[in-house]
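Contents: one structure, followed by commentary.
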Amino acid sequence: MSRVRLSSRKKMVFVCVMIELVLVFLIFRVFYIQFFRAESLQKDAYEQQTRDRLIAPERGDILDRNGNAIATTKTVSSISVIHAQIENEEEVAQILSKKLDLDYEDTLKKVKKKVALMRIKTKVDKELAEEIASLKLKGVMVDEDILRIYPYNNLASQVIGFVGKDNQGIIGLESKYEEFLKGKKGKIMTQTDGRGRELKNSEQNRVSPTSGYNLVTSIDIKLQEYAEQTIEKAVKGKDAKRGSIIMMNPQNGEIYAMANYPNFNLNEPYKINDSELEQKWDSFSQKEKNDYLNQMWRNFNINDTYEPGSTFKVITSAAGIEEGVVSEESSFNCGGGKTVAGRYIKCWRSPRSHGSENFVQGVQNSCNPVFMEIAERLGSDKFYEYMLKFGFDKKTGIDLPGEAVGIMHKKDKIGPVELATMSFGQSFQITPLQLIRAISSAVNGGRLVTPHFAMELRDDSENVIKKFEYEDQGNPISKDTSERMKKILESVVYEGTGNKTYIPGYRIGGKTATSEKLPRRSGKYIASFCAFAPAENPKVISIVLIDEPKGVYYGGQVAGPVMKELLTNALPYLKIEPIYNEKEMELDETKTIIMPKLIGMSLEEGKKALSELKIEYEIEGEGDSIKSQFPPSDVEINFGSKVILYLD
């Protein structure tokens, strides 16, 4: 009997202990939830009881140096559906497909999809969106959205880049400065029941989006337009594969213009710019389409490398002067070529020769044997050292994605023949941007600048949020060598192979090049010219490349006139005043006039106005009235300049 009582008492004690343990656990659990999980659980509960719809922020503008918008944003709307709130799926699909010009079956599938929020269409015009909103269809949501607009269509397309459907930058500056341009999304929060249906009389909470910052760039729209129009005309005129232009301030690396032709329309970035490809477009695989589009979006100036040819002789010259192996009075003799390690390497003028000449004349004549001799005097180690000093082994640091780097021989692989061909710009490859930066160093006092576009960030109230700063990347040569190089290169334009770029009153320096493409003897060339002005204190440097011109292909004859046309318009715009020497003062072409406005005139009226001013002109297109003109009105031009009239 006592054993039974004892057993019952133990059971009661055990039960009491268990109850106490459970109570302690529950108290501890309540304490834990209250003090450690409360915030998280409240958040989870809130998310279950509310539905969020994101609001796209207004993307920051991309501006030129004068504050003109190259890329801007328009407020539009997006149309979405919340399946749980729809009362009649077929009716909603029918109305939306009709209003938004969509396929009914596709729209119905989206409407029926049981997800929290389904986008039906983005980038909808606000008036149409307001019309849909006024129908008050259950489950149909009209929210704010943005549409990226490029007012100048094709202008600097490979530089500016574009955005995708999610308003994220794809290429160019849009991609590079995404973090500053994109802003921060807002949202609309609505209370719902367990099935996701909006509660009656519930209020919507709105968190406003934060706009992105505006990016001020070094681009000048006028100079960019000059570059675009000039290179397009040159490529079409020579039936070339493509062409490009860079215009930069050699003193600080600010890029005024960077043009490629062919280009593409930033407002329609997925539309191929080749009419032949466009006809076959539907027959291509998705991979083939992507490859063609990526090629169209490529920026030849920074994404591709090429053999620079004779423009590289500027670097060989600067290294030779800096090391003291050559001076302006040094004597050379061109016999039409030079034998190096048993191999005969021709001068471009072969079978003719330049004969006896001094160093300056050798630069003016672009004589290959002169530069082979200078490189030989330097030696491969020293020559390679200057290749590195001028930055050909690394990227320039330009603020654009996808920059390529030069393809050079390894130091221990540079034999006598390689050294000889490298001296005049063959057997290695660099980008046009690498070259223009190196030549800038040769004429700006010896500083290797960082080419760039971004200058500052501003908010909507024009407050400067951030200024971008760029450091020089070395001093390949001395200031004295740079001063001597400026004078030598000026003589190339005044007396040498660059004479077709000569503009009376302007001291211009430069160097031509004719690069034979690989494989050799394929008959394909790149004609180029790099020039700077004014020679005594360069404020602008530009490089022109014409890839695979038909017919005459020499740099001086093909790229020279293109450079002249470009600088004829750019120099007065940059307020670089002409200074005439005595010989130039005797010429009528030293006179200047202000370009009249011809747009809107009939062709006959325009021709008469230009004839009275003794200005030559070309006519592009067909029609009876003038749609546009180049140069634009109100620009000071020299007599001897040629005007292009574009007709309807």
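Counting residues in the stretch 151-166 that are modelled with pLDDT under 95, closer than 20 Å to P209 by Cα, under 18 Å from the mean Cα position of the chain (by Cα) and among the small types (G, A, S) gives one or more. Scanning the stretch 382-409 for residues that are among the aromatic types (F, W, Y) and either part of a loop (DSSP other than H, G, I, E, B) or not assigned by TED's automatic domain parsing to the domain that holds A319 (or both) yields F390, F392.
Of P572, P476, P561, P534, all but one fail to be crowded, with 24+ Cβ neighbours inside 10 Å and at pLDDT 90 or above; the exception is P476. S461 passes every criterion in (1) surrounded by fewer than 22 Cβ atoms within 10 Å (Cβ to Cβ); (2) in contact with a helix residue (DSSP H, G or I) (Cβ under 9 Å, 6 or more places away or on another chain); (3) assigned to a loop (DSSP other than H, G, I, E, B) apart from (2).
Conditions tested, residue by residue: (1) small (G, A, S); (2) in contact with a strand residue (DSSP E or B) (Cβ under 8 Å, 6 or more places away or on another chain).
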residue	(1), (2)
V124	no, yes
E130	no, yes
L135	no, no
V142	no, yes
Y150	no, yes
N154	no, no
D166	no, no
G169	yes, yes
E174	no, yes
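Here's a check for you: in the stretch 509-531, which residue that is surrounded by 24 or more Cβ atoms within 10 Å (Cβ to Cβ) and hydrophobic (A, V, I, L, M, F, W, C) is nearest to E582 (Cα to Cα)? The selected residue is A531.
In the set (1) within 39 Å of the chain's Cα centre (by Cα); (2) buried (at least 18 other Cβ atoms within 10 Å of the Cβ), L137 fails one condition alone, (1). Which residues, counting only those in the stretch 362-388, are more than 15 Å from F312 (Cβ to Cβ) and not hydroxyl-bearing (S, T, Y)? Residues satisfying the conditions are Q364, N365, P369, E373, E376, R377, G379, D381, K382, E385. Screening the stretch 65-178 for helices (runs of 4 or more DSSP H) wholly inside it with 2 or more residues that are of a type in the set (S, T, Y) returns the ranges 104-112.
Looking at E471, E456, just one residue is part of a strand (DSSP E or B) and over 26 Å from G362 (Cβ atoms), and that residue is E456. The single residue among S427, S482, S461 that is touching a residue at least 12 places away in the same chain (Cβ under 8 Å) and farther than 28 Å from G243 by Cβ turns out to be S482.
Checking A259, A318 one by one, the residue that is over 29 Å from Y573 (Cα atoms), of a type in the set (A, V, I, L, M, F, W, C) and touching a Ser or Thr at 6+ places or on another chain (Cβ under 7 Å) is A318 and no other. In this structure, Q49 does not qualify as within 30 Å of L128 (Cβ to Cβ) and at pLDDT below 90. Scanning the stretch 316-365 for residues that are at pLDDT below 95, assigned to a loop (DSSP other than H, G, I, E, B) and touching a Lys or Arg at 6+ places or on another chain (Cβ under 9 Å) yields G336, C347.
The values are calculated or read from the model by the stated rules, or taken from the named source; none is laboratory data. This is a predicted model, so every value here is computed, not measured. So basically every Cβ, Gly included, is an ideal-geometry build from the backbone, and we count neighbours across all protein chains shown.
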